[in-house]
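Student: Here it is, the structure, as structure tokens.
The values are calculated or read from the model by the stated rules, or taken from the named source; none is laboratory data. Nothing here was measured: the structure is a model prediction, and the numbers come from that model. A quick note on method: Cβ atoms are made from the backbone with ideal geometry, for glycine too, and the neighbour counts reach across all protein chains shown. When the accessible area is computed, the model is the full protein with side chains, heavy atoms only, and any ligands, DNA or RNA have been set aside. Shrake-Rupley method; radii C 1.70, N 1.55, O 1.52, S 1.80 Å.
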Amino acid sequence: MPFENGTAVLGIDFGATNVKGVLVDAQGQTLGRFIEPSNIHDGQEATLGRLGGLVKEKVAHAGAMGARIESMGLGVCGPVNQADGTVTESPVLPGWKDVPFMQVLSDATGLRVVVDNDSNAAVLGEWWKGAAQGSSVVAGLTLGTGIGGGLVIDGQIYRGASGLAGEFGHISLAAEPPCPCGGHGCLGRLASATATLARYHDLVGAESPMLTSLADLATLVESGDAAARKSIQISADYVAEAVLMLVNCLNPEVFVLCGGMALLGDALLIPARKRLNASTFRQLRQDTRIVAGELGLFSGCFGAALLASSGENVLPKKIEKARSSTRPGHLKELRN
């Protein structure tokens, strides 16, 4: 069916495991979605080339339906330089440093490209179309291959002084293990899907068959596997501790858990709610809802689509100045 005004935006979440995407029309209605393996171990050049080809394929598919895509949003795991859309480094993209995602994809596809941290995009997506709609202050964790976080205030991503706020996955909760960020005992190294699966194998021993997904681990829990239950419970306790710390610091209306691990539902939500109820001020307990994201694996895609549809998010003044002086023509295009 042809689109009323012919325009749509593409929102993509590029992760260490998968590339996920949604096509959204001008009214925010979902027109299509997809998941493809990211295959990052093929190397940076090959991976980015494949990503550009995937985008062009989706643009052509949308065109066949009567939709014109002129812009796309991209959420990427890692800190993003907001001045030029470069991902400076990422704990889950080994060896990828100062990767110019915006420039590469813009050159490859001809689209206007907005790049942001994937966790920022996920929390924004849940504010826009998910579990946190209508809320003024929303904080969240994205729980997947790694762990990230974000804070959205009145529909705007809070970025901090230099655009790098929200790295909640690097809250330190233990003395070990070391983290590529330079710290130790970071939440992402203790409670991510990767850490949870590794813990299970440590508990059962090397002779056990390798598990590759949380779904398999959840199935073992249902069958009564004590090691599977313990591996998830330990991760849930770490997540609960992080949620408590963040609620105390940020006082959000909604704290949302996104990503693949959030599909575990009550196994994560109940410990987090209990920890909050036992350890903070009554007003915070009453005013904060801890929920699972409603957009499943596509939270970040919707947030990226919203960023693309609005051109770009509000940036700190010094980043705005740098971006204007660095690429004034491109910034003008984004705003038009």
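Student: In degrees, nearest 10, range 0 to 90: what is the angle between the Cα axis of helix 118-129 and the longest Cα principal axis of the chain?
Tutor: Orientation of helix 118-129: about 80 degrees from the principal axis.
Student: Ok, one more. Please report how far the C-alpha centroid of region 159-211 lies from that of region 1-52, rounded to the nearest whole angstrom.
Tutor: 27
Student: A further question follows. Using 0.36 nm per residue, how much length does the chain from D107 to L250 gain when fully extended, once their Cα-Cα distance is taken away?
Tutor: On the way: separation 143, 0.36 × 143 = 51.48 nm, distance 3.91 nm.
Separation in residues times 0.36 nm, less the Cα-Cα distance, equals 47.6 nm.
Student: Taking a temperature of 25 °C and a viscosity of 0.890 mPa s, what whole-number D in µm²/s does Stokes-Einstein yield for region 182-320 with Rh from Kirkwood over alpha carbon pairs?
Tutor: Working: Rh = 16.9 Å.
It diffuses with D of about 145 µm²/s by this estimate.
Student: For the chain: lysine pairs with Cα atoms under 26 Å, gap of 8 or more or different chains, count?
Tutor: For the chain, qualifying lysine pairs total 16.
Student: Normalised by the number of residues in the chain, what is the relative contact order in percent for Cα pairs under 8 Å and 6+ residues apart? Numbers along the way, then the final one.
Tutor: Values: 713 pairs, mean separation 70.5, N = 336.
It comes to 21 percent, rounded to a whole number.
Student: So how much slack lies between E222 and R289, counting 0.36 nm per residue of separation and subtracting their Cα-Cα distance, in nm? Don't jump to the answer; show the numbers that get you there.
Tutor: Details: separation 67, 0.36 × 67 = 24.12 nm, distance 2.71 nm.
Net length gain for the segment: 21.4 nm.
Student: Sticking with this one: Positive end of the charge dipole of the chain (Lys, Arg +1 and Asp, Glu -1 on Cβ, about the Cα centre): tell me which of V256, A226, F34 has its Cα farthest that way.
Tutor: Going by the Cα projections, it comes out as V256.
Student: Here's a follow-up. With every protein chain kept in place and ligands, DNA and RNA left out, what is the accessible area per residue of the chain? Probe 1.4 Å, answer in Å². Mind dumping the intermediate values first?
Tutor: On the way: 14730 Å² over 336 residues.
Averaged over the residues of the chain, the accessible area is 44 Å².
Student: Rg/Rh for region 95-227: what does it come to with C-alpha atoms and Rh from Kirkwood? Please list the in-between numbers first.
Tutor: Values: Rg = 18.2 Å, Rh = 17.4 Å.
Computed over Cα atoms, the ratio is 1.05.
Student: Roughly how much of E176 is accessible, in Å² to the nearest 10, using a 1.4 Å probe?
Tutor: E176 has an accessible surface of roughly 110 Å² with all protein chains in place.
Student: Sticking with this one: Say each of K274 and A26 gets a label point 7 Å from the Cα, pointing the same way as Cα to Cβ; how far apart are those two points in nm?
Tutor: For K274 paired with A26, the spin-label model returns 5.1 nm.
Student: At a Förster distance of 51 Å, what's the computed FRET efficiency of S162 paired with A64, Cβ-Cβ distance as r, to 0.05?
Tutor: Details: r = 42 Å, r/R0 = 0.83.
So the FRET efficiency works out to roughly 0.75.
Student: Another question about this same structure. Compute from the Cα atoms of the chain the Rg and the Dmax, the latter being the longest Cα-Cα distance, and quote both in angstrom.
Tutor: Using the Cα atoms of the chain, the pair Rg, Dmax is 19.7, 60 Å.
Student: At 1.4 Å probe size, with the rest of the protein present, what percent of the exposed accessible area of the chain is carbon and sulfur atoms? All intermediate terms of the calculation are to be shown ahead of the outcome.
Tutor: Working: 7870 of 14730 Å².
Here it works out to 53 percent.
Student: Using DSSP, restrict attention to beta bridges with both residues in the chain and report what percent are antiparallel, rounded to the nearest 5. Mind showing how you got there, number by number?
Tutor: Working: 28 of 51 bridges.
Restricted to the chain, the bridges split so that about 55 percent are antiparallel.
Student: For region 264-312, what size does the Cα cloud have along each of its three principal axes, sorted from largest down, in whole Å?
Tutor: 42, 25, 11
Student: Provide the three semi-axes, in whole Å and in decreasing order, of the ellipsoid equivalent to region 8-63 as defined by the square roots of 5 times the Cα gyration tensor eigenvalues. Working shown, then result.
Tutor: Working: eigenvalues 103, 28, 11 Å².
Over the Cα atoms of region 8-63, the semi-axes work out to 23, 12, 7 Å.
Student: Note down the net charge around C258, summing +1 for each Lys or Arg and -1 for each Asp or Glu among other residues with Cβ under 13 Å from its Cβ. All intermediate terms of the calculation are to be shown ahead of the outcome.
Tutor: Numbers: positive: K20, K129; negative: D13, D118, E126, E294.
That sum, taken over residues with Cβ under 13 Å, equals -2.
Student: Per 0.36 nm of contour for each residue apart, how much would the distance between I153 and A215 grow if the chain were fully extended, relative to their Cα-Cα spacing? Present the calculation step by step, with values, prior to reporting the outcome.
Tutor: On the way: separation 62, 0.36 × 62 = 22.32 nm, distance 3.30 nm.
The I153-A215 span can extend by a further 19.0 nm.
Student: With N set to the number of residues, divide the alpha-carbon radius of gyration of region 17-134 by 2.2 N^0.38 Å and report two decimals.
Tutor: On the way: Rg = 14.4 Å, N = 118, 2.2 N^0.38 = 13.5 Å.
Region 17-134 yields a ratio of 1.07.
Student: Shifting gears a bit: Which of the listed residues, G78, V123, A16, is farthest toward the dipole's positive end in region 15-168, when Lys, Arg count +1 and Asp, Glu count -1 at the beta-carbon?
Tutor: V123
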